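Participant: Starting off with a structure, shown below.
The values are calculated or read from the model by the stated rules, or taken from the named source; none is laboratory data. Keep in mind the model is a prediction, meaning the values are calculated, not measured. Neighbour counts are summed over all protein chains in view; Cβ atoms, including those assigned to glycine, are modelled from backbone coordinates with ideal geometry.
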Amino acid sequence: MTHPGKNARWLDGELERWVGGGIIDHVQAEAIRGLYPQEQRVRPWALIVFSGIGAVIIGLGVILLFAYNWQSMPKSAKLAVVFGALVAAHGAGICLYARSERFRGLGEALGVLGTMFFGAGIWLVAQIYHIEEHFPNAFLFWGLGALAMAWAVPSLAQAVIAAVLLTIWAGVESVEFGRATHAALPIIVVLLGPLAYMKRSRVLLAILMLAFGFCTGFVAGAYTRGDVVFDILLSLAAIYVSLGVLAGRYGKFSQSAPIFGLFGFGAYVVMLYLLTFPDVAEQLMRVELTWGLGRVLYWLVPLFAALAAWVVVAWPLAPWGRKERAKDCPYDLLLIPMVLILCYSYPLIHRDFDSWAAAASFSLVFLAHAGAMMARGCRAGQLGPTIAGSLLLVALSVARYIDMFESLIARGVVFIIVGTVLFCEGIFYVRSRKKQVGRESA
Amino acid sequence: MRTWVTIAAAAFQVLVLAYMGLEREYLVRTGRTVYLRTAPIDPRDLFRGDFVRLEYEASTVASRLLRDGLREDKEERRGRKGTRVYAALNVGENNLADVHYATDKRPEEGVFIRGRIRRPVRAAVRIRYGIEAYFVEQGKGVELERRRSREGIQVPLEMEVAVGRNGLAVLKGHRWSRLGIGTEIERDAEQRTLGVKLRLLNASDKPLAIVDLPGGRTFSLEQDVSWGWESGWRWVNGDAAHKEVEDSDVRVLEPGEIHTVHIRLSDPVWFVSKDNQPARPITGLQSHLRFRFVYRPPSKEECAHLEKADLIWHGYLPSRAFTGRGWVD
């Protein structure tokens, strides 16, 4: 018996309505249904999530239980329990998963439990033999074990565990030992990214994006002394936004577009906001130009990758481009690569272009984004961008209230203007929404 | 699901654990067993109740014992944190080992343990060997802490270590030193440091003999460089020979019995010097300079003619570090 997901049920309902209304025929309906793989419709997420959480907690309980380190238990017995639990969990998981579709969720959960036992086993064997080696290696091997299971089953839960563990590994190596774990970055992109694509999993994609962002920060921070980390993360955010546009425009994983957009634009907006403060901008954009090849590559490669991606995004806007493809990219997003170029070139131009001028430029860009989101939301009758744009406008006003306007008159005028804008926006939004509802009813 | 691929992935997890355990188990069964003394009490040791954090005498290697790539110019840091190093060991009485030298090149022969540089400091290098945690049953850690210090006298914990041919070390167990040493500063009425009172405790359950030469000459005075301050201070009588041992110099201690030796730091016998400067008492030195007294009885050969030769404890036993201004570690 299948368990159609919520989205699949909605799609089935809509397809029936469209066929009934003569909009499409049965052949077209089947073709549309075929775009969404069957596995997406049968994942018993509730079972996997709760069983997965239960497995994690059981694993932690095992660690705590054995942490008591019963002296009465001989070493051989402890090892037997460790290996026995690991083999039993994986064995039972494999049997159930292979047996029938009905037990797949339970089988996958037992596999997660097995991976938790693997992690517990690493710490317990270390305890049994009093091993106090380089402890980040434990997270690395634990993560690789989860990675192997993620591909073998295949299992999204295992992939999430692998991403989290490998991020912890990179973070601990960087913060505790000052080591740059360069391998973490390709592992996440090359070894885990394809799994998210294959399974069309937005959850895994979101986790991987966060993991890659954190790992980039850790690795770049350890390798480059930290002063270029902001530039690198800004480039990464720009890449994420561009991937959101491109995923929606091309490719078979268009559902990933909002995920890329949310994380990319969210991070970009936060960093842009920081750049609107002159002192902060001065600190964040200051880069000591002492060159080592590795450091240069770490600094510039993300910039070039981001610019290349934005060239592809903006290509339809060129005279020879297909204009209909440009509609998916709001024009204000094209400010992103410009922000990036200004940020990267600041070390070269700061003598003629001080931090106040740079912060003012960034403030104008921030204002442009806020206005564009508000306009876009009102026109389309979408509450999300309307509110988000309004919040950006208010945040910018508060920031400039603090550092720019000393005169009460100036402050008062700005607040009146912002308030008026928000008031008019509300009216415009309601009107737009009414028109849209009217169109839908007709 | 690709069943065989999944089995292989699960087998990978099992094999990782098996490799961890088997490598150490093989070492425990076939490796050379030595004892490493834990360092005299350091207030920063953490007894967490379920595991004991250990610091060894071998964890701090003075710069004069460094070789090969670790012997860099004084202006440079000797090796980066995380650099692989090897500590070659001298194995003495009762299988107790100390560091002969440390190098970044794997020794061709002899007993050595491998580790990584934890922190290079000015006059020494701190090394981590992967055996700095000793897991015990919950609550037993406090018991270990209590036994380390008896009546204010430190009894060193000696860890039983199996060492492989590649330098990998595994903890097997522990024992207590048969002899403990206590360190107290003796002051005058105005609280100025006069000398040091050293107390030797028979911490075993059998009679044990110590050698107490006149003037405390069974002890040597050495600079402690574990905090990495300037090195090079030497005891003026470090190379002087002591008198021949007689039966009257031997003291038999019953289990739990303490023998006390008083040393006056104003006695020129205990002066120190550096770089051919005039000898000085350590009470006149800067407060950051630390020293230890080390109990070193004459060798077995030198004691062979004595009546109680078979009871004499041979080895070396350092006291807690102290400064000339009267601070004790």
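Participant: What about B:Ser204, is it at pLDDT 90 or above, over 27 Å from B:Trp327 (Cα atoms) and either part of a loop (DSSP other than H, G, I, E, B) or polar (S, T, N, Q) (or both)?
Facilitator: When the stated conditions are applied, B:Ser204 passes them.
Participant: Hey, B:Val111 hits all of (1) closer than 25 Å to B:Met20 by Cα; (2) within 14 Å of chain A (Cβ to nearest Cβ); (3) among the aliphatic types (A, V, I, L, M) but one; which does it fall short on?
Facilitator: Failed condition: (2).
Participant: Still on this structure, please answer the following. Against the conditions (1) over 30 Å from A:Leu210 (Cα atoms); (2) surrounded by 23 or more Cβ atoms within 10 Å (Cβ to Cβ); (3) not aromatic (Phe, Trp, Tyr), where does A:Val87 fall short? Just the number, please.
Facilitator: (2)
Participant: Taking the stated definitions as given, is B:Lys206 in contact with a Pro (Cβ under 9 Å, 6 or more places away or on another chain) and surrounded by fewer than 21 Cβ atoms within 10 Å (Cβ to Cβ)?
Facilitator: Taking the combined requirement at face value, the residue satisfies it.
Participant: Hey, any hits in region B:181-193 for a residue that's assigned to a strand (DSSP E or B), touching an Asp or Glu at 6+ places or on another chain (Cβ under 8 Å) and more than 25 Å from B:Arg264 (Cβ to Cβ)?
Facilitator: No, region B:181-193 has no match at all.
Participant: May I ask you to list pairs of residues, at least six apart or on different chains, whose Cβ atoms are under 7 Å apart, with the first in region B:213-226 being more than 14 Å from B:Val196 (Cβ to Cβ) and the second being of a type in the set (S, T, N, Q)?
Facilitator: B:Gln223/B:Ser231; B:Val225/B:Ser231; B:Ser226/B:Thr60
Participant: Now for a separate question. Any idea which of A:Pro347, A:Pro319 is at pLDDT below 80 and part of a helix (DSSP H, G or I)?
Facilitator: One residue alone meets the criteria, A:Pro347.
Participant: Still on this structure, please answer the following. How many residues does region A:123-150 contain that are in a helix (DSSP H, G or I), within 7 Å of another protein chain (Cβ to nearest Cβ) and over 28 Å from the mean Cα position of the chain (by Cα)?
Facilitator: Result for region A:123-150: 2.
Participant: Of the conditions (1) under 30 Å from A:Phe177 (Cβ atoms); (2) in contact with a strand residue (DSSP E or B) (Cβ under 7 Å, 6 or more places away or on another chain); (3) not in a strand (DSSP E or B); (4) not acidic (Asp, Glu), B:Leu171 fails just one. Which one is it?
Facilitator: For B:Leu171, the exception is condition (3).
Participant: If you take the residues in region B:147-164 that are β-branched (Val, Ile, Thr) and within 23 Å of A:Tyr129 (Cα to Cα), which one is surrounded by the most Cβ atoms within 10 Å (Cβ to Cβ)?
Facilitator: B:Val161
Participant: Now for a different question. Being crowded, with 18+ Cβ neighbours inside 10 Å and not small (Gly, Ala, Ser) is the filter here; which residues of region A:254-263 pass it?
Facilitator: Across region A:254-263, the qualifying residues are A:Ile259, A:Phe260, A:Phe263.
Participant: If you don't mind, another one. State all residues of region A:90-107 that are more than 9 Å from chain B (Cβ to nearest Cβ) and either at pLDDT 90 or above or in a helix (DSSP H, G or I) (or both); if no residue qualifies, say none.
Facilitator: A:Ala92, A:Cys95, A:Leu96, A:Arg99, A:Glu101, A:Arg102, A:Phe103, A:Gly105, A:Leu106
Yes/no per residue for (1) in contact (Cβ under 8 Å) with a residue 40 or more places away in the chain; (2) closer than 30 Å to B:Val28 by Cα; (3) of a type in the set (Lys, Arg); (4) touching a Phe, Trp or Tyr at 6+ places or on another chain (Cβ under 8 Å):
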| position | (1), (2), (3), (4) |
| --- | --- |
| A:Ala77 | no, yes, no, no |
| A:Ala80 | no, yes, no, no |
| A:Ala88 | no, yes, no, no |
| A:Glu101 | yes, no, no, no |
| A:Gly105 | yes, no, no, no |
| A:Phe117 | yes, yes, no, no |
| A:Glu133 | no, yes, no, no |
| A:Phe139 | no, yes, no, yes |
| A:Gln158 | yes, no, no, no |
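Participant: Here's something else I'd like to know. Just to be sure I understand the filter: pairs with C-beta atoms under 9 Å, separated by 6 or more residues or on different chains, first member in region B:11-25 and within 9 Å of chain A (Cβ to nearest Cβ) and within 19 Å of A:Ala92 (Cβ to Cβ), second member assigned to a helix (DSSP H, G or I) and of a type in the set (Val, Ile, Thr). Which pairs pass?
Facilitator: B:Gln13/A:Thr115; B:Val14/A:Val87; B:Leu17/A:Val82; B:Leu17/A:Ile122; B:Leu17/A:Val125
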